[in-house]
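Nothing in this text is a laboratory measurement; each read-out follows from the coordinates by a stated rule. Note that this is a predicted model, so its numbers are computed, not measured. Because the Cβ atoms are built from the backbone with ideal geometry, glycine has one as well, and the counts that use them run over all protein chains shown.
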Amino acid sequence: MQINRLFEMVYLLLEKKKITAKELSERFEVSQRTIYRDVDILSQCGIPIYTAKGRGGGISLLEGFVLNKSVMTEQEQDQIWMALQSLPKAGREDRKEMIKKYGSFFQKSNENWIQVDFSKWGEQKQVLFETIKMAIFNKNVISFCYYNSRGEKTVRTAEPYQLWFKHSNWYVKAYCRQKQDFRIFKISRMQSVVITEQQFEGVWQQKAEQYFDTVTDMVTVLLDIKKSMAYRVYDEFEQEQIAYTENGDFLVTMQCVENPWLYGYLLSWGSYAFVKEPFCIREKIEQELKNMVIQYKI
């Protein structure tokens with residue numbers, strides 16, 4: 001969505017004349033470092049944008065600059081327009097207003113060709129999303145009950161850093177005060193979320209970016225999947241993850257965190273999939289099957 005962010009930055013500067021990197025980073029939910037990279041990109045594209053440091057400083061456009069859509073090709077206008085329409089509904093109450101405003105600028109009228117909604121059904125989930133978003137913007141500590149991948153319930157207080165959408169699920173990147181370390185919480189497992197009156201400085205923000213960029217507790221699993229499961233393979237994996245055997249079966253490579261969810265997911269394929277690598281994962285699947293035989297007294 002960078003092209004949309006760049007365009008909206010210019011539009012904001014035309015309206016407000018001057019705005020700080022902090023304000024822009026909070027609006028777009030990115031780091032200030034990303035905002036300064038965007039400024040460099042706009043400058044390289046010929047937009048007269050500059051920054052001023054110190055008290056009363058900020059990011060501004062050269063006085064008298066007018067955004068002229070004639071400098072963009074029709075294809076570039078369409079790309080920006082499609083990016084706007086593809087904005088997820090979750091957390092963007094101003095989506096319709098933005099589309100109407102930019103549609104008038106581009107003289108586009110077909111605004112309903114696509115609808116993207118990453119949120120799950122239910123007003124409660126929308127409220128939860130908005131609650132966490134406001135805590136991030138206002139730097140408020142949140143408290144909540146959390147169920148981990150082993151089904152254990154704990155009460156947490158955390159300093160939320162970023163909402164993160166990954167593989168059809170929403171997560172919160174945060175600093176957990178109980179663990180005194182960074183954690184990624186799955187929103188669907190969070191209950192009774194409350195914004196406390198405590199605020200945090202967020203002095204660890206740069207360290208957090210480095211931490212979340214270098215999380216490597218992933219395991220690579222090689223699956224041999226029967227060709228009769230083609231519909232599911234193409235639903236759940238990207239093309240670059242898929243190879244083929246001589247008889248038309250699939251060899252799928254997947255990377256994920258090793259936890260109980262992974263074992264359950266692998267077992268969900270039944271006899272249609274076989275773990276080729278690593279051997280340690282295959283051993284755990286075999287043990288899980290033995291436990292199930294005992295449990296069901298087969």
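I need the peptides 284-294, 28-38 ranked by packing, meaning the mean over residues of other C-beta atoms within 10 angstrom, with the highest value on top. The partial results should precede the final answer.
Working: 284-294: 11.8, 28-38: 16.6.
Final packing ranking: 28-38, 284-294.
Pulled fully out, how much extra length does the chain show between Trp269 and Val194, if you take 0.36 nm times their separation in residues and subtract their Cα-Cα distance?
Working: separation 75, 0.36 × 75 = 27.00 nm, distance 3.84 nm.
Working it through step by step, the gained length comes to 23.2 nm.
Rank-order 188-200, 150-162 by packing density, defined as the average count of other C-beta atoms within 10 Å over each peptide's residues, highest first. Kindly include the intermediate steps, with their values, before the conclusion.
Working: 188-200: 13.5, 150-162: 15.7.
In decreasing order of mean packing, 188-200, 150-162 become 150-162, 188-200.
Would you work out which of Gly270, Val221, Asn291 lies farthest towards the positive end of the dipole of the stretch 219-295? Charges go on Cβ: Lys and Arg +1, Asp and Glu -1.
In the stretch 219-295, that residue is Asn291.
Please report Phe129, Phe274 as a ranked list, fewest other C-beta atoms within 10 angstrom at the top and most at the bottom. Walk me through the intermediate numbers first.
Working: Phe129 19, Phe274 15.
Listing Phe129, Phe274 from fewest to most nearby Cβ atoms yields Phe274, Phe129.
So, R0 is 35 Å and r is the distance between the beta-carbons of Ile285 and Phe165; what FRET efficiency does that work out to, to 0.05? Write down the numbers at each step before the final one.
Values: r = 29 Å, r/R0 = 0.83.
That gives a FRET efficiency of 0.75.
Would you mind checking the pairs Lys22/Lys125; Lys179/Lys284; Lys166/Lys284; Lys53/Lys133; Lys173/Lys226; Lys125/Lys297 and listing those with alpha carbons more than 30 angstrom apart? Before the final figure, lay out each step's value.
Numbers: Lys22/Lys125 28 Å; Lys179/Lys284 28 Å; Lys166/Lys284 26 Å; Lys53/Lys133 28 Å; Lys173/Lys226 37 Å; Lys125/Lys297 40 Å.
Cα-Cα > 30 Å for Lys173/Lys226; Lys125/Lys297; rest within.
To the nearest Å, what is the center-to-center distance of the stretch 3-29 and the stretch 149-187, using C-alpha atoms only?
The distance from the Cα centre of the stretch 3-29 to that of the stretch 149-187 comes to 28 Å.
Calculate one ³J(HN,Hα) per residue across the stretch 9-20 by plugging θ = phi - 60° into the Karplus curve 6.51 cos²θ - 1.76 cosθ + 1.60, and present them in order as whole Hz with x for glycine and proline.
Couplings: 4, 4, 4, 5, 5, 5, 7, 9, 6, 8, 8, 7 Hz.
Would you mind working out the magnitude of the charge dipole of the stretch 123-213 relative to its Cα centre, with +1 at each Lys and Arg C-beta and -1 at each Asp and Glu C-beta, to the nearest 20 Debye? Before the final figure, lay out each step's value.
Working: 14 positive and 9 negative charges, 70 e Å.
Around 340 debye, computed over the stretch 123-213.
Using amide H atoms built 1.01 Å from N in the peptide plane, name the residues 5+ places from Glu277, or on other chains, whose amide H lies under 5 Å from its own.
Correct list: Leu222.
Once you place label points 7 Å from the Cα toward the Cβ at Tyr50 and Asp181, how far apart are they in nm?
Those two pseudo-labels are separated by 4.8 nm.
What is the dipole size for the stretch 174-287, taken about its Cα centre, with +1 at each Lys and Arg Cβ and -1 at each Asp and Glu Cβ, in debye to the nearest 20?
Details: 12 positive and 17 negative charges, 81 e Å.
The calculation lands at about 380 debye.
Along the positive direction of the dipole of the stretch 123-213 (beta-carbon charges: Lys, Arg +1; Asp, Glu -1; about the Cα centre), which of Gln178, Asn148, Phe165 reaches farthest?
Value: Asn148.
To the nearest 0.05, what FRET efficiency results for Val257 and Lys153 with a Förster distance of 22 Å applied to their C-beta separation? Walk me through the intermediate numbers first.
Working: r = 20 Å, r/R0 = 0.91.
FRET efficiency, Val257 to Lys153: 0.65.
Between Gln295 and Cys145, what's the calculated FRET efficiency when r is the beta-carbon distance and R0 is 41 Å? Round to 0.05.
Numbers: r = 28 Å, r/R0 = 0.69.
With R0 = 41 Å, the Cβ-Cβ based efficiency is 0.90.
Output ³J(HN,Hα) for the stretch 169-183: one whole-Hz value per residue in order, computed from phi by the Karplus curve 6.51 cos²θ - 1.76 cosθ + 1.60 with θ = phi - 60°, and x for Gly and Pro.
9, 9, 10, 10, 8, 7, 9, 8, 6, 5, 8, 6, 7, 7, 9
Jot down the radius of gyration and Dmax of the stretch 123-213, Cα atoms only, both in angstrom.
According to the Cα coordinates of the stretch 123-213, Rg and Dmax are 12.2, 34 Å.
Can you list, bin by bin at 10 Å, the percent of alpha carbon pairs in the stretch 215-274, starting at 0?
Here the calculated profile for the stretch 215-274 is 21, 56, 21, 2.
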